[in-house]
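*Asks:* What follows is a structure written as structure tokens; I'll ask about it next.
The values are calculated or read from the model by the stated rules, or taken from the named source; none is laboratory data. For clarity, every value in this text was computed on a predicted model and none was experimentally measured. Here Cβ is always computed from backbone atoms with ideal geometry, including for glycine, and neighbour counts include all displayed protein chains.
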Amino acid sequence: MRKEVVLITGANGEIGHGLISHLGESGDTKIVAMDVQPLDASLLPLCERFIQGDILDNLLLGRLVAEYDIRTIYHLASILSTKAEYNPETAHRVNVEGTLNLLRLAVEQSSWQGKPVKFLYPSSIAAYGLPSLEVKKKAGKIKECDWCAPTTMYGCNKLYCEHLGRYYSRYYRQLAADEVKHTVDFRCLRFPGLISSVTIPTGGTSDYGPEMLHHAAQGKPYACFVRPDAKLPFMVMPDAIKSLLQLESAPRENLKQMVYNVTSFSPTAEEFMVRVKKAFPNAVITFEPHPARQNIVDSWPADVDDSAATRDWGWKPDYDEQRAFDEYLIPSIKARYA
Ligand code: SER
């Protein structure tokens, strides 16, 4: 008998940390974790197995099919938006070909199990592309189907992989003589910028928020790479994990779409700084906008409409802006660097 597990790719990343801690502590889920980097020692005991390897390695993925009954795949591995611009073709390989490999693995697993395998995919506000700052200011809360013209490789990759997920769920091998009954149950969240008190993001463009906070907490000066009026939606990691798990457990028949916005609060970089300085009054924070990174932020929405998630699976964040800082970020970051 093959062991029933969930597979987490990109396990050592920010969402991976949050998800493994949560699933591992709540007990009965067996986790097979994968990452190209070694896994943090604190997460190892929470996993059934850790595999250091690449999602582009099809032989490795093939061996997983032989060994495990994978009931859910959390495909978190990805090269984020800023890093992807330095090597767009490599980012495309990891973000798109990697996702395709995992979707194929899900299809194969589904046919062995005789039921759809759940595929949880974090997409991003980077899937949007607003043509100008004026349009961004007027756009308000944008819906999933609006402004899908991303300007970054990462955003293009995310948007395309959303479509791949839909294809594998509904149309895979649609001309095959034998009816393909069991495929993939693809479920996708478009995350805003995420902020964790435990980990620091690398290679993203919403990183100025978490970087400002973690620098201040360590007494290091920080030069913010966007203007004070730059505005993006954000969410803290416990809410990101909550949304992933809520979407995973929602009854399929309730899900009227495959891709859902989720968000929590939308501060400007200046408002973010005010919150950070309130907690760390000696923090030295300056603004030195990087024009190209600023352009990316200007193309992303200031706010998104997450009412479809609320309607279909009861989504509501636990942390608004004040609670996020006062009850999660500040106390936990202070303890971390104490
Ligand atoms: N946080 C990501 C980035 O900045 C967006 O999903 O690239």
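*Asks:* Given the conditions (1) in a loop (DSSP other than H, G, I, E, B); (2) in contact (Cβ under 8 Å) with a residue 60 or more places away in the chain; (3) within 16 Å of the ligand (Cβ to nearest atom), report the number of the one that residue 219 does not fulfil.
*Replies:* (3)
*Asks:* Let me ask something else about it. Given the condition within 16 Å of the ligand (Cβ to nearest atom), part of a helix (DSSP H, G or I), in contact (Cβ under 8 Å) with a residue 40 or more places away in the chain and not charged (D, E, K, R), answer yes or no: does some residue in the stretch 202-211 qualify? Full working, then the answer.
*Replies:* Going residue by residue through the stretch 202-211, those that are within 16 Å of the ligand (Cβ to nearest atom) are 202-211.
Within this subset, residues satisfying the condition of being part of a helix (DSSP H, G or I) are 208-211.
Filter once more, so that each one left must be in contact (Cβ under 8 Å) with a residue 40 or more places away in the chain: 208-209.
Then drop every residue that is not not charged (D, E, K, R), which leaves 208-209.
Yes, some residue in the stretch 202-211 is within 16 Å of the ligand (Cβ to nearest atom), part of a helix (DSSP H, G or I), in contact (Cβ under 8 Å) with a residue 40 or more places away in the chain and not charged (D, E, K, R).
*Asks:* Looking at (1) more than 12 Å from the ligand (Cβ to nearest atom); (2) of a type outside the set (Asp, Glu); (3) closer than 20 Å to residue 247 by Cβ, find the lone condition where residue 130 falls short.
*Replies:* Against the list (1) more than 12 Å from the ligand (Cβ to nearest atom); (2) of a type outside the set (Asp, Glu); (3) closer than 20 Å to residue 247 by Cβ, residue 130 comes up short only on (3).
*Asks:* Within the stretch 295-315, can one find any residue that is more than 16 Å from the ligand (Cβ to nearest atom) and crowded, with 20+ Cβ neighbours inside 10 Å?
*Replies:* Just the residues of the stretch 295-315 that are more than 16 Å from the ligand (Cβ to nearest atom), to begin with: 305, 307-315.
Filter once more, keeping what is crowded, with 20+ Cβ neighbours inside 10 Å: 309, 315.
For the stretch 295-315, residues more than 16 Å from the ligand (Cβ to nearest atom) and crowded, with 20+ Cβ neighbours inside 10 Å: present.
*Asks:* Which members of the stretch 146-165 meet the condition of being in a helix (DSSP H, G or I) and either hydrophobic (A, V, I, L, M, F, W, C) or over 16 Å from the mean Cα position of the chain (by Cα) (or both)? Steps first, answer last, please.
*Replies:* To start, the set of residues in the stretch 146-165 that are in a helix (DSSP H, G or I) comprises 153-165.
Scanning the stretch 146-165 gives 153, 156, 159, 161, 163, 164.
*Asks:* I've got another one for you. Restricting attention to the stretch 68-126, report how many residues are within 12 Å of the ligand (Cβ to nearest atom) and assigned to a helix (DSSP H, G or I).
*Replies:* 9
*Asks:* Now a separate question. Considering only the stretch 238-276, state which residues are more than 26 Å from residue 164 (Cβ to Cβ), part of a strand (DSSP E or B) and aromatic (Phe, Trp, Tyr).
*Replies:* Passing the criteria: only 265.
*Asks:* Follow-up question, since we're still on this one. Considering the stretch 18-34 alone, what residues qualify as being outside any loop (DSSP other than H, G, I, E, B) and of a type in the set (Ser, Thr, Tyr)? Working first, answer last.
*Replies:* The initial filter retains those residues of the stretch 18-34 that are outside any loop (DSSP other than H, G, I, E, B), namely 18-26, 31-34.
21, 26, listed by residue number.
*Asks:* Sticking with this structure for a sec: Please identify the pairs in which a residue from the stretch 76-94 that is farther than 19 Å from residue 189 by Cα and buried (at least 17 other Cβ atoms within 10 Å of the Cβ) has its Cβ atom under 8 Å from the Cβ atom of a residue that is modelled with pLDDT under 95 and not hydrophobic (A, V, I, L, M, F, W, C), counting only partners at least 6 apart or on another chain.
*Replies:* So the pair list comes out as 83/202.
*Asks:* Right, something else. Residue 37 is checked against (1) in contact (Cβ under 8 Å) with a residue 24 or more places away in the chain; (2) surrounded by fewer than 16 Cβ atoms within 10 Å (Cβ to Cβ); (3) outside any loop (DSSP other than H, G, I, E, B) and fails just one. What number does that condition carry?
*Replies:* Going through (1) in contact (Cβ under 8 Å) with a residue 24 or more places away in the chain; (2) surrounded by fewer than 16 Cβ atoms within 10 Å (Cβ to Cβ); (3) outside any loop (DSSP other than H, G, I, E, B) one by one, residue 37 breaks only (3).
*Asks:* Additional query: Whether any residue in the stretch 134-145 is within 16 Å of the ligand (Cβ to nearest atom), part of a loop (DSSP other than H, G, I, E, B) and crowded, with 16+ Cβ neighbours inside 10 Å is what I want to check.
*Replies:* yes
*Asks:* Could you look through the stretch 146-169, keep only residues that are over 20 Å from residue 233 (Cβ atoms) and touching a strand residue (DSSP E or B) at 6+ places or on another chain (Cβ under 6 Å), and pick out the one that is surrounded by the fewest Cβ atoms within 10 Å (Cβ to Cβ)?
*Replies:* Restricting to residues being over 20 Å from residue 233 (Cβ atoms) and touching a strand residue (DSSP E or B) at 6+ places or on another chain (Cβ under 6 Å), the top hit is 169.
*Asks:* What pairs can you find where one residue is in the stretch 133-158 and over 20 Å from residue 226 (Cβ atoms) and hydrophobic (A, V, I, L, M, F, W, C), the other is part of a helix (DSSP H, G or I) and within 15 Å of the ligand (Cβ to nearest atom), and their Cβ atoms are less than 7 Å apart, with a gap of 6+ or different chains?
*Replies:* So the pair list comes out as 148/127; 148/159.
*Asks:* List the number of the failed condition for residue 229; all other conditions in (1) within 12 Å of the ligand (Cβ to nearest atom); (2) under 20 Å from residue 285 (Cα atoms); (3) touching a strand residue (DSSP E or B) at 6+ places or on another chain (Cβ under 9 Å) hold.
*Replies:* If we test residue 229 against (1) within 12 Å of the ligand (Cβ to nearest atom); (2) under 20 Å from residue 285 (Cα atoms); (3) touching a strand residue (DSSP E or B) at 6+ places or on another chain (Cβ under 9 Å), just (1) comes out false.
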